[in-house]
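*Asks:* Sending over a structure as structure tokens; questions will come in a sec.
All of the numbers you see were taken from the coordinates with simple rules; none came from a lab. This structure is a prediction, so every number in the text was calculated from the model and none was measured. Methodologically, a virtual Cβ is constructed for each residue, glycine included, from the backbone with ideal geometry; neighbour enumeration extends over all protein chains shown.
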Amino acid sequence: MRVIAKLDVKPPHVVKPVHFEGLRKMGRPDELARKYYAQGVDEIFYMDIVASLYQRGILFEQIEATAQEFFVPFAVGGGIRTIDDMTRLFHIGADKVVINTHALQHDASLIDRAARLFGAQSVVVSVEAKRWQGYWECYSDCGRERSGRDVLEWVQEAQERGAGELLIQSVDQDGRQAGFDIDLIGEVKQRAQVPVVAASGAGSVEHIVEMAKAARPDAVAVASLLHYDLCDVAAIKTRLAAELNQDAGQVA
Amino acid sequence: MAQQVGLIDFGSVGNVESVRRALIAAGAEVKLIRTADEFDGVSHYVLPGVGSFHEVMEGIRANGLEEPIRQAAQSRPTLGICLGMQMLASLGFEFGETAGFDLIDGEVRLMRCKAPVPHIGFNRIEPIKESPLFAGIDPEAEFYFMHSYEFVNYTDVCALSSHGGHRFVSAVSKGDLYGVQFHPEKSREHGIRLLKNFIEL
């Protein structure tokens, strides 16, 4: 299973959101990217968590400064509204783009257009899921805006439109370090034809193992656990490989 | 002496910058090639690849780059990466049927297997013929893949990989023309080594 370092950025800092609200500064994105690369991370996700909320443009300079001196995939999200935004991101060092707010709240065809131009494998759709009685609702703008959309229906639509990967975040669990919303990840995984990246809630390696065994996502995205040096990437990978009884390197 | 590698930047798509940085890390000087008159004066060519077959081939044709790229690939050692490899084929089936450069016989078709597609992540490769590209690379080394389509070829296979129980072509070679389905520029030190092997050809 891939282990992804997720950098939630409120420029110029990587921050740790608590329930997508309170923020603590964790370091600079370029430094943390290089640190996790050295630890053996499989991918780096850079998420500008306030771009959509503040309704401002993408801060390309800082992204470009981050995309240096590491040679694993670099996915960038936050505030992407147009194909031009994506083209520019690829030209400064991104390998994938991550879309949520604009596609969910304004124009879902952004997914189709992106997949058609860049190929599905480069288009990640991010979901911020809020748990209600018996279902989950899609949120946006860093967990602040409701959409009225059912998560399981939306991920189906996103895949049909060409999403090549699904990043599943939980508004309830994010930043709490109290474990994943395992039901959410499992339900999405069961319906997904494309790879699923599980995020939000890892406070220990045990949380990751428990979720991975139950929900079997294709990748896990980790933030706080790494930012607080509670463990390093290599330790997570070794433990997952042993627990999931698979070859450390084999793609599931 | 550093080799000068011509990195073909075919318009609006492609993770060109990632490839450029990795080539520099491998010891190359990189010249970006955007127009038909910029092809001269380099020792190697790289055709990078993030995009969809139809859109990118159409873009290349619209910009008058099809023939220059075809000629370049036959004149100097050339490496196609991911879509850049797939476009070497005769025909692609991503968003309709589109002719490729037709430099290596074969078709590019949607992967069908028991695991999720796109195939995304690090995976091993199994060289099935001797190739200078893999010189000095640990057989256990893993390379990063991100693709939904695969190159179906029976004549120029250089390496295979496996996804969800399905074996597919992960590298092709024909003379000085090479193609890899994975992304060496995103494959840590093994990828840089492969690029170094390529620029030393």
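*Asks:* Which longest uninterrupted range of chain B lacks any trypsin sites (Lys or Arg not before Pro) assigned by DSSP to a loop state (not H, G, I, E or B) and surrounded by at most 12 other Cβ atoms within 10 Å?
*Replies:* Longest gap between qualifying sites, sites excluded: B:1-111.
*Asks:* Cβ under 14 Å from residue B:186's Cβ, residue B:186 left aside: what net charge do those residues give with Lys, Arg +1 and Asp, Glu -1?
*Replies:* Result for the neighbourhood of residue B:186: -2.
*Asks:* Another question about this same structure. Taking the Cα centre of the protein assembly as shown as origin, sum charge times position over the Cβ atoms of Lys and Arg (+1) and Asp and Glu (-1), and report the length of that vector in debye to the nearest 20.
*Replies:* 660
*Asks:* Using the charge dipole of the protein assembly as shown (Lys, Arg: +1 at Cβ; Asp, Glu: -1 at Cβ; taken about the Cα centre), state which of A:241, B:99, A:17 has its Cα farthest towards the positive end.
*Replies:* The residue sitting most towards the positive pole is A:17.
*Asks:* So what are the ³J(HN,Hα) numbers for the range A:165-175, from phi and the Karplus equation (6.51, -1.76, 1.60; θ = phi - 60°), rounded to whole Hz, Gly and Pro as x?
*Replies:* Ordered by residue, 3J(HN,Hα) equals 7, 10, 9, 9, 10, 10, 5, 6, 9, 4, x Hz.
*Asks:* What is the antiparallel percent of DSSP beta bridges lying wholly in chain A, to the nearest 5?
*Replies:* Values: 15 of 46 bridges.
In chain A, DSSP labels about 35 percent of beta bridges as antiparallel.
*Asks:* Given the options A:119, A:162, A:77, state which has the largest fluctuation in a GNM of chain A using a 10 Å cut-off (strictly under) for Cα springs.
*Replies:* Comparing A:119, A:162, A:77 in a Gaussian network model of chain A, the most mobile one is A:119.
*Asks:* Among A:211, A:77, A:33, whose Cα projects farthest towards the positive end of the dipole of the protein assembly as shown, with charges put on the beta-carbon of Lys, Arg (+1) and Asp, Glu (-1)?
*Replies:* Of the listed residues, the answer is A:211.
*Asks:* Which whole-Hz couplings ³J(HN,Hα) result when phi for each residue of the range B:168-183 is put into the Karplus expression 6.51 cos²θ - 1.76 cosθ + 1.60, θ = phi - 60°, listed in order with x for Gly and Pro?
*Replies:* For the range B:168-183, the Karplus curve yields 9, 6, 10, 7, 10, 8, 8, x, 8, 9, 10, x, 10, 6, 7, 10 Hz.
*Asks:* Separate question: Using a Förster radius of 45 Å, what is the FRET efficiency between residue B:29 and residue A:176 based on their Cβ-Cβ separation? Nearest 0.05, please.
*Replies:* Once rounded, the FRET efficiency stands at 0.35.
*Asks:* Moving to a separate point now. If you place +1 on the Cβ of every Lys and Arg and -1 on the Cβ of every Asp and Glu, how big does the dipole about the Cα centre of the range B:20-135 come out, in debye to the nearest 20?
*Replies:* Dipole of the range B:20-135, to the nearest 20 debye: 520 debye.
*Asks:* Let me ask something else about it. Would you kindly give the portion of the calculated P(r) for the protein assembly as shown that falls above 29 Å, as a percent of all Cα pairs?
*Replies:* That tail contains 43 percent of the Cα-Cα pairs.
*Asks:* Ignoring GluC sites (Glu not before Pro) that are buried or in helix or strand per DSSP, and keeping those with at most 16 other beta carbon atoms within 10 Å, what is the longest stretch of chain A between them?
*Replies:* Longest gap between qualifying sites, sites excluded: A:70-252.
*Asks:* Looking at the range B:48-150, which chymotrypsin sites (Phe, Trp or Tyr not before Pro) are DSSP coil and have at most 13 other C-beta atoms within 10 Å of their C-beta?
*Replies:* Numbers: sites: B:53, B:93, B:95, B:101, B:122, B:134, B:143, B:144, B:145, B:149; in loops: B:93, B:95, B:101.
Within the range B:48-150, no chymotrypsin sites (Phe, Trp or Tyr not before Pro) qualify (loop, at most 13 other Cβ atoms within 10 Å).
*Asks:* Also, I was wondering about something else. With label points built 7 Å along Cα→Cβ from the Cα atoms of residue B:154 and residue A:243, find their separation and express it in nm.
*Replies:* Rounded to a tenth, the inter-label distance reads 4.7 nm.
*Asks:* Run the dipole for chain A about the Cα centre, Lys and Arg Cβ at +1, Asp and Glu Cβ at -1, nothing else charged, and hand back the magnitude in debye, nearest 20.
*Replies:* 220
*Asks:* DSSP loop (so not H, G, I, E, B), at most 15 other Cβ within 10 Å: list which GluC sites (Glu not before Pro) in the range B:133-171 pass both filters.
*Replies:* The qualifying sites are B:140.
*Asks:* Moving on to the next point. Could you tell me which residue out of B:32, B:197, B:6 lies farthest along the dipole of the range B:4-199 toward its positive end? Charges go on the beta carbon: Lys and Arg +1, Asp and Glu -1, centred on the Cα centre.
*Replies:* Comparing the listed Cα positions along the dipole, B:197 ranks first.
*Asks:* At a Förster radius of 22 Å, what calculated FRET efficiency corresponds to the Cβ-Cβ distance of residue A:146 and residue A:56, to the nearest 0.05? Intermediate results must be reported in sequence, preceding the final value.
*Replies:* Working: r = 22 Å, r/R0 = 0.98.
Working from the Cβ atoms, E equals 0.55.
*Asks:* Right, something else. Each residue of the range A:234-241 in order: what ³J(HN,Hα) in whole Hz does its phi give by Karplus 6.51 cos²θ - 1.76 cosθ + 1.60, θ = phi - 60°, with x for Gly and Pro?
*Replies:* So the Karplus estimates, Gly and Pro as x, are 4, 5, 5, 5, 4, 5, 4, 4 Hz.
*Asks:* Okay, moving on. Loop only by DSSP, 16 or fewer other Cβ within 10 Å of the Cβ. Give me the chymotrypsin sites (Phe, Trp or Tyr not before Pro) in the range B:153-182 that pass, ordered by residue number.
*Replies:* B:154
*Asks:* For residue B:114, which lysines qualify as cross-link partners when the Cα separation must be under 29 Å and same-chain residues fewer than eight apart are set aside?
*Replies:* Residue B:114 reaches A:6, A:96, A:189, A:213, A:237, B:129, B:186.
*Asks:* Residues in the range B:82-126 near a label at residue B:167, defined as backbone nitrogen under 14 Å from the 7 Å Cα→Cβ point?
*Replies:* Residues passing the 14 Å test: B:125-126.
*Asks:* Then there's this: Report, by chain and number, residues whose modeled amide H sits under 5 Å from the one on residue B:46, excluding near sequence neighbours (fewer than 5 apart, same chain).
*Replies:* Distant-sequence amide H within range of residue B:46: B:6, B:7, B:8, B:79.
*Asks:* Once amide H atoms are built 1.01 Å from N in the peptide plane, which residues 5 or more positions from residue B:82, or in another chain, come under 5 Å H to H?
*Replies:* Sorted by chain and number, the residues that satisfy this are B:180, B:181, B:182.
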